[in-house]
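Quick notes on the structure that follows.
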Amino acid sequence: MKNCAVVGIVGRTNSGKSTLLNRIVGEKVSIVSPVAQTTRNTVRGILTEPRGQLVFIDTPGLHKSESALGTLMNRMARQASAGVDILTVVFDGGERPHLEDDGWMRRALYAEQPVIFVLNKNDCNPFYEAAFKDMWTAIQDEKQITREVSWIKTSAIKASGTAELMQQLFALAKPSPDYLFPDDVVTDYPRKLAIADVIREKFLARLREEVPHEMGVKVDHIDESPDKWIVQATVYVNRPSQKGIVIGPKGRTLKYVRHCAEPELSEIFGVKVSLELWVKIEKAWMKNFWLLQQMGYAGKM
Ligand SMILES: Nc1nc2c(ncn2[C@@H]2O[C@H](COP(=O)(O)OP(=O)(O)OP(=O)(O)O)[C@@H](O)[C@H]2O)c(=O)[nH]1
Ligand SMILES: [Mg+2]
C-alpha cells in the first residue's frame, strides 16, 4: 500500500505557492515571478516516493479582481480548494496579513479536509508569525469555533521547513493500493500551456506596471521535427501602447524573452526549441471566452 493524497496549494497572490511546489517536486513545473498574479491556471505537480505519492495542485493566488480573467482565476482557486484531500494555505510571512489571508483563514475554518497553514518566507526579517496567529485566533473567537490546523514555517527559496511539511502530508495521506499517477510523471500540465507560461514568465521578469496583467500568451502551433521544434506563439495585449512595451526598443524585450525562454524550453523538452513570437492588439482579450479557453483559463482545451 502507498500513502497518496491530492494536496491543494492555495493562498493570496505572491505568497510563494509556485516556488514551494517547484521546491517540493524538485523540478520547475510552475512559473514564478515577483509580479502578482503570475499563476493563471491550476498546475499539477506530482511527488512520488517509496512512501507514497502526493499530487499537488498549484492555484492562482486570490486577489481583488475586476476582469473576467481575474474572476476565473479566483474561481479556479476556490474550486480547487474544495476537491482536495488536504488543504495547504500558504501565507507570505514577510508581509503583514492581507485581506485575502483573512479570506483563506475563514475558508479554512469550515474546510472538510485537514488544513496546514504554511508561513512561507521565514528567511525574511521581520517575519510576521505572531500577526498571522493572532488573526487566526481572532477569527475563531469571532465565529466561536475552534478548528485544529497545523502551522509550518518554510522558506521555499532556502528549502527550509519543506521536509517537515512532507512528513505531515504523508502522515495525513490515505493508504491506496496504487499511485494516482505513473511514478515517472512530474506534471500533466499540457505542453502548449507550459510553453506559453515559460514565455509569459520571461516577460514578467522584464515588464512592470499594468502590462503583465493585461498580457496573454497563446501557443498557436508547434512544428515538431526530430531535432528541432519551432514554436509559434501570439502575445495578446489590450492597447497599442502596450504593444510597443512588449516589443521593447529595437525589439529588445522580445529578443530578451526568446534568449531566456529558448534554452529553458530546450532543456525541458530535450530538443532544440526556437520561438517565433507575434504581438497582437486585441482589445478586451481578457473577456474573450474563446481566447481564455485556448490559454487554458476557462474550461477544458
Ligand atoms: N524571500 C523569499 N521569497 C520567496 C519565497 N518563496 C517565494 N518567494 C518569492 O516570492 C515571489 C512570488 O513567488 P511565486 O512562487 O510566484 O508566488 P505565488 O504564490 O505562486 O504567486 P501567484 O502565482 O501570483 O499567486 C517570487 O519573487 C519568489 O521568488 C521565500 O521563501 N522567501
Ligand atoms: Mg503561482
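The values are calculated or read from the model by the stated rules, or taken from the named source; none is laboratory data. From a predicted model like this one, the values you see are computed outputs, not experimental measurements. Here Cβ is always computed from backbone atoms with ideal geometry, including for glycine, and neighbour counts include all displayed protein chains. These area figures cover heavy atoms from the full protein model, side chains too; ligands, DNA and RNA do not enter into them. Shrake-Rupley method; radii C 1.70, N 1.55, O 1.52, S 1.80 Å.
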The lone condition Asn14 fails out of (1) open to solvent by 10 Å² or more (accessible area, probe 1.4 Å); (2) in contact (Cβ under 8 Å) with a residue 60 or more places away in the chain; (3) within 14 Å of ligand 2 (Cβ to nearest atom); (4) at negative phi is (4)
Ala261: passes all of (1) surrounded by fewer than 20 Cβ atoms within 10 Å (Cβ to Cβ); (2) under 20 Å from the mean Cα position of the chain (by Cα) but (1)
Could we say that Asn22 is open to solvent by less than 50 Å² (accessible area, probe 1.4 Å), more than 8 Å from ligand 2 (Cβ to nearest atom) and in contact with a Leu (Cβ under 9 Å, 6 or more places away or on another chain) here?
no
In the set Leu72, Leu54, Leu62, the lone residue that is in contact with a helix residue (DSSP H, G or I) (Cβ under 8 Å, 6 or more places away or on another chain), surrounded by 23 or more Cβ atoms within 10 Å (Cβ to Cβ) and more than 20 Å from Gln168 (Cβ to Cβ) is Leu62
Open to solvent by 80 Å² or more (accessible area, probe 1.4 Å) and in contact (Cβ under 8 Å) with a residue 24 or more places away in the chain, is that true of Pro190? no
Listed by first then second residue, the pairs whose first member lies in region 56-70 and is closer than 22 Å to Leu291 by Cα and more than 11 Å from ligand 1 (Cβ to nearest atom), whose partner is modelled with pLDDT under 95 and assigned to a loop (DSSP other than H, G, I, E, B), with beta carbons under 7 Å and at least 6 positions apart or on separate chains, are Leu69/Tyr297; Gly70/His63
Residue pairs qualifying under the 6 Å Cβ cut-off, at least six apart or on distinct chains, with the first in region 99-124 being more than 16 Å from ligand 2 (Cβ to nearest atom) and the second being assigned to a helix (DSSP H, G or I) and of a type in the set (D, E, K, R), are Leu119/Glu129
| message | Criterion first (open to solvent by less than 50 Å² (accessible area, probe 1.4 Å), outside the structural domain of Ser30 (by TED's automatic domain parsing) and of a type in the set (Phe, Trp, Tyr)) does Tyr256 satisfy it? | response | no
Restricted to region 25-51 and to residues being among the charged types (D, E, K, R) and open to solvent by 20 Å² or more (accessible area, probe 1.4 Å), the residue farthest from ligand 1 (Cβ to nearest atom) is Arg51
Subset of region 1-21, residues touching a Ser or Thr at 6+ places or on another chain (Cβ under 6 Å) and not aliphatic (A, V, I, L, M), comes to Lys2, Cys4, Gly8, Ser18
